[in-house]
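Quick note: the coordinates plus some simple rules give every number you see, no bench work behind them. Fair warning: this is a prediction, and the values are worked out from it, not measured in the lab. With ideal geometry, Cβ positions are generated from the backbone for all residues, glycine too; neighbour counts draw on all protein chains shown.
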Amino acid sequence: MIKLIEISGDSCASCHALLPGLNAVANENGIALERIDIETSPEAIEKYGVERIPTIVLADGKKIIAKCSGFQPEEILSLWVEAKLEEYSKN
């Protein structure tokens with residue numbers, strides 16, 4: 001199952017600002033959204049190779065399809081997810 005994983009911190013303003021757009025993009029593409037807080041799940045930093053937050057991971061099961069970091073407007077997130085899903089479906 002393909003899902004978007006948002007890796008963030010509760011005290012991160014950019015992470016909170018990203019969430020509404022990320023929810024919309026997940027809904028538009030019919031994929032699940034999972035949120036991981038690095039303060040309560042620090043192992044996610046190593047597992048997903050997080051260098052800064054927020055980090056967004058597009059994954060199929062345990063396989064990482066794509067990853068990006070930093071705040072992105074909803075329009076950019078939508079284009080990114082659609083492009084990565086299209087690339088993934090070709091493989």
Checklist outcome for this item: Taking the chain and a Cβ-Cβ threshold of 4.7 Å, the cysteines left without a partner are C68
Checklist entry - Is the shape of the chain best called rounded, prolate or oblate, per the rule: a/c under 1.5 gives rounded, else a/b larger than b/c gives prolate, else oblate, with a ≥ b ≥ c the square roots of the Cα gyration tensor eigenvalues? => result oblate
Item to check | Proximal lysines to K90, defined as alpha-carbon separation beneath 22 angstrom and excluding residues fewer than eight positions away on the same chain | outcome: K3, K62, K63, K67
Next on the checklist: Below 8 Å between Cα atoms, with a sequence gap of 6+, how large is the relative contact order for the chain in percent?
Outcome noted: 36 percent
Next on the checklist: Using only the alpha-carbon atoms, how far is helix 74-90 inclined from the longest principal axis of the chain? Give it as 0 to 90 degrees, nearest 10.
Outcome noted: 50 degrees
Checklist entry - If you take the square roots of the eigenvalues of the alpha-carbon gyration tensor of the range 39-91 and sort them as a ≥ b ≥ c, do you get rounded (a/c under 1.5), prolate (a/b over b/c) or oblate? => result oblate
Checklist outcome for this item: Computed over the chain: longest principal axis from alpha-carbon atoms vs helix 13-29 long axis, angle to nearest 10 degrees, is 20 degrees
